[in-house]
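Here is the structure we will look at, set down as structure tokens.
Laboratory data are not the source of any read-out in this text; all were calculated from the coordinates shown. From a predicted model like this one, the values you see are computed outputs, not experimental measurements. Glycine gets a Cβ as well: all are built from the backbone with ideal geometry, and neighbour counts include every protein chain shown.
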Amino acid sequence: DAGVIQSPRHEVTEMGQEVTLRCKPISGHNSLFWYRQTMMRGLELLIYFNNNVPIDDSGMPEDRFSAKMPNASFSTLKIQPSEPRDSAVYFCASSLGASQPQHFGDGTRLSIL
Amino acid sequence: EDQVTQSPEALRLQEGESSSLNCSYTVSGLRGLFWYRQDPGKGPEFLFTLYSAGEEKEKERLKATLTKKESFLHITAPKPEDSATYLCAAPEGGAQKLVFGQGTRLTINP
């Protein structure tokens, strides 16, 4: 069974450019999560969706970040405009619901020059 | 504020040398304590969920236990392939939002 699929695996772009990260959750999972991982702050939740509806976006750092989930099998995280401090590994995870384990993709390593 | 704290930050063992990793939490209304393993360049891989004090779960050389304040990940006779970062996490405020510890970087030398 396919796990969570993220694309691209690596992204290098210049400051000010728009960045779009993509995620396909595990089929049948109704919760989707976006995380950011850095050495300094560890793994932090940015936003999560239940049944395609955003539930908690309090972890989104600022208005430059936005996330959408147009259907049950696809989500995007967009940064516009990007800044060097956005450089990190971004993970997507999905789960069957509350109190169920979250299953992670292999992440997108983002470098903003 | 809900917090999850792991210790030690790093642990280096010889192959076959058993030890334990600690995860302490201050989360109200705990609805599960999760353990993950993360290899370099990969996403966290789910290992265990523990829901109540006294519960134990095992997988190969790993055993996770839970008390009211902390969880332990015991590793028995580890092998080099057990080298990874081990993360624990708990739902904040009893919701779906996971709070992760900083992880324990485990190295097993052959």
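Can you report the principal axis dimensions of chain A using only the alpha carbons, biggest first, rounded to whole angstrom?
37, 27, 27
For a quick check: sort B:T5, B:T65 by the number of other beta carbons within 10 angstrom, fewest at the front.
Working: B:T5 13, B:T65 19.
Listed from fewest to most nearby Cβ atoms, that is B:T5, B:T65.
How charged is the neighbourhood of B:T26? Take every other residue with its Cβ under 13 Å from the Cβ of B:T26, and add Lys/Arg as +1 and Asp/Glu as -1. Don't skip to the answer; put the middle values down first.
On the way: positive: B:K68, B:K69; negative: B:E1, B:D2, B:E70, B:E92.
Charge balance in the 13 Å sphere: -2.
For segment B:5-110, state which chymotrypsin sites (Phe, Trp or Tyr not before Pro) are in a DSSP loop and have at most 12 other beta carbons lying within 10 Å of their beta carbon.
In loop regions of segment B:5-110 (DSSP not H, G, I, E or B), the sparsely surrounded chymotrypsin sites (Phe, Trp or Tyr not before Pro) are B:Y51.
Using the crude model of +1 on Lys and Arg Cβ and -1 on Asp and Glu Cβ, and no other charge, please compute the dipole size for chain A relative to its Cα centre, in debye to 20.
The dipole of chain A has a size of about 180 debye.
Antiparallel as a % of all DSSP beta bridges within chain A, to the nearest 5?
Values: 36 of 40 bridges.
Expressed as a percentage, antiparallel bridges in chain A total about 90.
With N set to the residue count of the protein assembly as shown, report its C-alpha Rg divided by 2.2 N^0.38 Å to two decimal places.
Details: Rg = 17.6 Å, N = 223, 2.2 N^0.38 = 17.2 Å.
For the protein assembly as shown, the normalised Cα radius of gyration is 1.02.
In whole angstrom, how long is each semi-axis of the equivalent ellipsoid of chain B, when you take the square root of 5 times every eigenvalue of its Cα gyration tensor and sort them from largest down?
The equivalent ellipsoid of chain B has semi-axes of 24, 14, 11 Å.
For B:T107 and B:S52 in one chain, what is 0.36 nm times their gap in residues minus the Cα-Cα distance, to one decimal in nm? Each step should come with its number before you reach the end.
Numbers: separation 55, 0.36 × 55 = 19.80 nm, distance 2.94 nm.
Once the chain is fully extended between B:T107 and B:S52, it gains 16.9 nm.
Just tell me which lysines come within less than 29 Å, Cα to Cα, of B:K97; anything on the same chain fewer than 8 places away is out.
Leaving aside lysines fewer than 8 places away in the same chain, those within reach of B:K97 are A:K24, A:K68, A:K78, B:K42, B:K57, B:K59, B:K63, B:K68, B:K69.
Once phi is turned into ³J(HN,Hα) by the Karplus curve 6.51 cos²θ - 1.76 cosθ + 1.60 with θ = phi - 60°, what whole-Hz value does each residue of segment A:75-86 show in order, with x for glycine and proline?
Taking θ as phi minus 60°, the curve returns 9, 10, 10, 10, 10, 8, x, 7, 10, x, 5, 7 Hz for segment A:75-86.
State the extension gain, in nm to one decimal, for the chain segment bounded by A:S111 and A:R22, taking 0.36 nm per residue of separation less the distance between their alpha-carbons. Display every interim value, and only then the final one.
On the way: separation 89, 0.36 × 89 = 32.04 nm, distance 1.58 nm.
Here the segment from A:S111 to A:R22 would lengthen by 30.5 nm.
List, in order, the whole-Hz ³J(HN,Hα) value for each residue of segment A:54-59 obtained from phi through the Karplus relation with A = 6.51, B = -1.76, C = 1.60 and θ = phi - 60°; use x for Gly and Pro.
Values, residue by residue: x, 9, 9, 10, 5, x Hz.
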